Amino acid sequence: MGERRGAGFVTLDSGHCAVPGQELRGLDEQLPTLALVGSPNSGKTTLFNALTGLRAKTGNYPGVTVTRYVGRVAVHDRELTLEDLPGTYSLAAISPDEQVVADVLDLDHPTLATPDALVVTLDATTLRRSLNMLAQVLATGLPVCVVLTFTDELTRRQGSIDVAAFQRAVGVPVLTVTSGRRQELGPLRDRLVDWSTWATPALPPPTEPAEVVSWIESVLSSSGYVLPQIDRRTRRVDAVLLHPVWGTLVFFAAMFVFFQIIFTLASPVQGWLENLFGFLSTQVQDHVGNRFLASFLADGIIGGVGGVVAFLPQIALLFVLISIMEASGYMSRAAFLMDRVMAKAGLEGRAFVALLSSLACAIPGIMATRTLPSMRDRISTMMGAPLMTCSARLPVYVLLVGLLVSPSDRVGPIGAQGVIMFALYVVGALSAMASAWVFSRIGRRSGPLLPFYMEMPPYRMPSARSVGLAVWDACRGFMRKVGKIILATTVVLWVLLNVPVHSNATMAAAGVDVHDQAAVSAYTIDHSAAAAVGRFVEPVFEPLGFDWRINVGILASLSAREVFVATMGQVAAADNPDKPAEGLKHLTVQSGPRAGERLFTPAVLAALLVFFLYALQCASTIGVLRRESGSWKWPAIAFGYMFVVAWTMAFLTGLVVGALT
Amino acid sequence: MSAPLVPVHPEATDAPEVLRWVVPVGALGFVGEPSRVPAPLQDLYAAGVLAAPTVVEPAAVLLRIGAGRSWRDEGPSVRRALQAALARPQDWRPPADASGDDVLRAAAEEVLAGEVGDFVDGHGGVIEVLDVADDQVTIQLGGACSGCPASGVTVQSRFEAALRRLYPQLRGVVAHEAPSSRRPRLIQLLPTRH
Amino acid sequence: MSILSVATAPQRRRARRADVPAQSVVDVATGATLADMATGQSARVLGIEAPHDPAGARRMFDLGFVPGAEVRMVRRAPLADPVVFRVAGYDIALRREQARWVSVAAPAS
């Protein structure tokens, strides 16, 4: 155990090998490391948060997209490292998260360091099931301390347990924790630093199924364990919330509120942030002399950073809601009601929340797939989520639908504009489900289906600290990883749209009034690198009826869909680039068989609408896909397949509409 | 499927070679060193895995690991043997000098040695078993317990509850109060033979 | 991995990992499964049989569906699937497919 295994590994006297620390800065291999093990819903993470608070650093376990939470616990003058392992029901792992736990507890694992001791959280109200995992953990031979959680709930529900007898029966220290409040944790903290003095069982419990059942029975019996009654409160609430009629109604109402909150509550904050960045941008433009540099800083950098920050209100809000839903126990009820519908798309109930969130924006929606235990389900949902009609598509839809039909057009008694918008939403949702279904079928070949099971915990009060930490963690991760990608894309696109730079003389010679801002930007765009690209890809988009100017708009909107509107406005030299409809109406095709005709015919408009419905026009989405799936492979696949589908559907739509008009 | 295994689990004792295997209450119906044990355990004795003595308690069996052996290695096979043996209670034989009240007496002693005894001591009281006969136990409360009606009831009910857990067919516990003038006597632990 | 003999404390033991195969929990009993239970009905688990998914069978065991365990069917989802069962003191939702793996009999009297 004394070899050097290469850069990054350090061996300590006890034969304990440390882990490469690229992801986890500040991990001090000299401190004792304890790990928290427990099933989901056992209060493990609440305990971790209470013990470590904001000192938790996150990273990833090597080779998998499972987040790693490590924190410091200080007790008097001593410190130790505490790791919050993913929740698991068993060391016989069936998912990557659970495999991480099995690997960390595996003394022979080549890369993952084994902790010095383990803290096992057992929910006192589900002890009969939880003891099974305790037996497996005890079998590893590592020092173990048991923390019995929810003992107050056990008593409230007429259950009971003799903790001293239980401690004798399992042979390891047992402590109880009720609320996880800081003051209460004193005895536990003291116990943690004394991990080397923990009693270990004389004989580890059996792991063979029939034997472990008899062990559990014996332990519970000698501990005087009385099973708690069914939680009255939960049963009463579930009688409504899971009622076939009322429950479904309440559910849809709750989802509507959920969605509205994300859509409307976040908007003012987003608006405020956008104003802030707009202000900064203006300041830069006013005070930086060099026009090129000013524009680069203002539109490229500040615009890019602003674009990233603009997502934070939605992400924060989404994670607040999701954390509350999860911690209170409602999430499993929602998933229970939606499971059958989701199963049709090869997904499971929990995917519903991710898809619903994608109606506001695919970024938080894709991040919400973390609630799905199956990696395959996560990927399938991620591949479908961008097809949900996100709020960034709305400005594009509004513009194009406005060009397509007038506000007074009617389909029966309903306004035609509304009908088309609704149809776009519906088609988006159906396409998302279909896409998820396809990917789950493809994924099926890579392994057996994960058996579906979902614990329905009693309703509990979420801990404010845990919710806060979940939000903080999500936002910070987003800023660090995704932010870079969005910023890079914004800068690149800015360069494409603004280079080469033209001097006033050149522009004047071309007949442009250099004092007319709209004309100047139109000229710049017309002669930019992006325009060259737009012209270059004309053959690809020719069958859809798009000309190079629309192509430039599409290219620009790769950074964010709503940019399409402003870019088209600039292309059309519209007086107000944010309301370019008038300018666009008059654009004519410049060359080719349709020269002189109106560019935006109904067929072209319809094709463009459908193109935007399907195409992955969003660098932020690509960034988040990269982060949540762990590699560039999936974002590349998503981009590729969505482009092909978008092109095909746009083409077909153009044909059909062209034939009808 | 065969009948479910008898629930057992080991607990540590003061001596590392002895483990207290907790078994279901009333599994064997006697206490002390059995004069005969079923074959699965016999085999372990013969192989030197287990060493004498084996002591049966109201809700446990004390087993000693053989010299030079370890519980870690032999534990699983001991467990299986014990479970197999407990599945055949008829193949156990009580000690030669066993009498009907032994189990109840042992159970009462265990209760006194456990939390109830600690509770009484902690309150400055004294509790002693006067008589064990016919599924009934007579106790005497002294020290701080005598003269205090509340404590008497508490102690008696706790004692009875704990005793009933170890001896379900208990008919009742009769409590006398020691006259307060008497000096507290030491807790009587040895069985009185009449 | 093998069980090493005892050395001096505080050395760590190597221990066998929990076994995965479902053979030891299988009890081939033709008849009712969890999927056949009616709302409010109680039953006793006989065994788990999932021939194509031993890991899935093991998971059911780890979730508390052990031979002899008491199970109660609590409610069905609006579209008939999944179903909530009460076992080992908690509620768990299973799809019909998983419920079919667990064979049950009338509760022990």
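Looking for something part of a helix (DSSP H, G or I), modelled with pLDDT of 80 or more and not polar (S, T, N, Q) - is there at least one such residue anywhere in the stretch A:569-576?
Kept after step one, since they are part of a helix (DSSP H, G or I), are these residues of the stretch A:569-576: A:569-571.
Filter again for modelled with pLDDT of 80 or more, leaving none.
No, the stretch A:569-576 contains no residue that is part of a helix (DSSP H, G or I), modelled with pLDDT of 80 or more and not polar (S, T, N, Q).
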Looking at the stretch A:249-268, can you tell me whether even one residue there is out of contact with any Gly (no Cβ under 6 Å at 6 or more places or on another chain), within 30 Å of A:Ala488 (Cβ to Cβ) and not hydrophobic (A, V, I, L, M, F, W, C)? yes
Among the candidates A:Ser214, A:Ser221, A:Ser196, residue that is over 17 Å from A:Val163 (Cβ atoms), at the interface with chain B (Cβ under 9 Å from one of its Cβ atoms) and at pLDDT 90 or above: A:Ser214
Of all strands (runs of 3 or more DSSP E) fully inside the stretch B:87-194, the set with 2 or more residues that are closer than 23 Å to B:Glu33 by Cβ and at pLDDT 80 or above is B:125-133
Quick one: in the stretch B:21-40, which of the residues that are buried (at least 20 other Cβ atoms within 10 Å of the Cβ) and within 14 Å of chain A (Cβ to nearest Cβ) is nearest to B:Ala87 (Cα to Cα)? B:Val23
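May I ask you to verify whether A:Val501 is outside any loop (DSSP other than H, G, I, E, B) and not assigned by TED's automatic domain parsing to the domain that holds A:Thr45? Spell out the reasoning first.
Working: outside any loop (DSSP other than H, G, I, E, B): no; not assigned by TED's automatic domain parsing to the domain that holds A:Thr45: yes.
Taking the combined requirement at face value, the residue does not satisfy it.
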Quick check on C:Arg58: is it within 11 Å of chain A (Cβ to nearest Cβ), under 25 Å from A:Leu242 (Cβ atoms) and modelled with pLDDT of 80 or more? no
Positions within the stretch A:388-420 being closer than 17 Å to A:Ile554 by Cα and in contact with a Ser or Thr (Cβ under 7 Å, 6 or more places away or on another chain), in sequence order: A:Cys390
Within the set of pairs 6 or more residues apart or between chains, which connect a residue that is more than 15 Å from B:Glu110 (Cβ to Cβ) and more than 14 Å from every other protein chain (Cβ to nearest Cβ) inside the stretch B:153-174 to a residue that is in a helix (DSSP H, G or I) and not charged (D, E, K, R) with Cβ atoms less than 7 Å apart? B:Val155/B:Val120
Selection status of A:Ile302, without any contact (Cβ under 8 Å) to a residue 60 or more places away in the chain and part of a helix (DSSP H, G or I): yes
So A:Phe422 fits all but one of (1) at pLDDT 90 or above; (2) farther than 19 Å from A:Glu628 by Cβ; (3) assigned to a helix (DSSP H, G or I); what number is the exception? (1)
Of all residues in the stretch C:33-74, count the ones that are of a type in the set (D, E, K, R) and buried (at least 21 other Cβ atoms within 10 Å of the Cβ). 3
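Yes or no, residue by residue, for (1) surrounded by 14 or more Cβ atoms within 10 Å (Cβ to Cβ); (2) out of contact with any strand residue (DSSP E or B) (no Cβ under 7 Å at 6 or more places or on another chain); (3) touching a residue at least 12 places away in the same chain (Cβ under 8 Å); (4) more than 27 Å from A:Val396 (Cα to Cα):
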{"residue": "A:Ile414", "(1), (2), (3), (4)": "no, yes, no, no"}
{"residue": "A:Met421", "(1), (2), (3), (4)": "yes, yes, yes, no"}
{"residue": "A:Val495", "(1), (2), (3), (4)": "yes, yes, yes, no"}
{"residue": "A:Val501", "(1), (2), (3), (4)": "no, yes, yes, yes"}
{"residue": "A:Asn504", "(1), (2), (3), (4)": "no, yes, no, yes"}
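Residue-wise test of (1) crowded, with 21+ Cβ neighbours inside 10 Å; (2) closer than 19 Å to A:Glu455 by Cβ.
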site: A:Asp97; (1), (2): yes, yes
site: A:Asp106; (1), (2): no, no
site: A:Leu112; (1), (2): no, no
site: A:Ala124; (1), (2): yes, yes
site: A:Ala135; (1), (2): yes, no
site: A:Gly141; (1), (2): no, no
site: A:Asp152; (1), (2): no, no
site: A:Ser160; (1), (2): no, no
site: A:Thr176; (1), (2): no, no
Among A:Leu31, A:Leu47, A:Leu107, which is the only one that is modelled with pLDDT of 65 or more and touching a helix residue (DSSP H, G or I) at 6+ places or on another chain (Cβ under 9 Å)? A:Leu47
If we keep just the residues of the stretch B:98-127 that are acidic (Asp, Glu) and without any contact (Cβ under 8 Å) to a residue 12 or more places away in the chain, which is surrounded by the fewest Cβ atoms within 10 Å (Cβ to Cβ)? B:Asp118
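Picking from A:Pro458, A:Pro462, which residue would you name as being part of a loop (DSSP other than H, G, I, E, B), outside the structural domain of A:Phe643 (by TED's automatic domain parsing), surrounded by 21 or more Cβ atoms within 10 Å (Cβ to Cβ) and in contact (Cβ under 8 Å) with a residue 40 or more places away in the chain?
Numbers: A:Pro462 fails: surrounded by 21 or more Cβ atoms within 10 Å (Cβ to Cβ).
Among A:Pro458, A:Pro462, only A:Pro458 is part of a loop (DSSP other than H, G, I, E, B), outside the structural domain of A:Phe643 (by TED's automatic domain parsing), surrounded by 21 or more Cβ atoms within 10 Å (Cβ to Cβ) and in contact (Cβ under 8 Å) with a residue 40 or more places away in the chain.
Here are some residues: A:Phe639, A:Phe612. Which one is in contact with a Phe, Trp or Tyr (Cβ under 8 Å, 6 or more places away or on another chain), among the hydrophobic types (A, V, I, L, M, F, W, C) and buried (at least 18 other Cβ atoms within 10 Å of the Cβ)? Full working, then the answer.
On the way: A:Phe639 fails: in contact with a Phe, Trp or Tyr (Cβ under 8 Å, 6 or more places away or on another chain).
After applying the criteria, what remains is A:Phe612.
The values are calculated or read from the model by the stated rules, or taken from the named source; none is laboratory data. None of these values were measured; they are calculated from a predicted model. Here the Cβ is made from the backbone with ideal geometry for all residues, glycine too, and neighbour counts use every protein chain on show.
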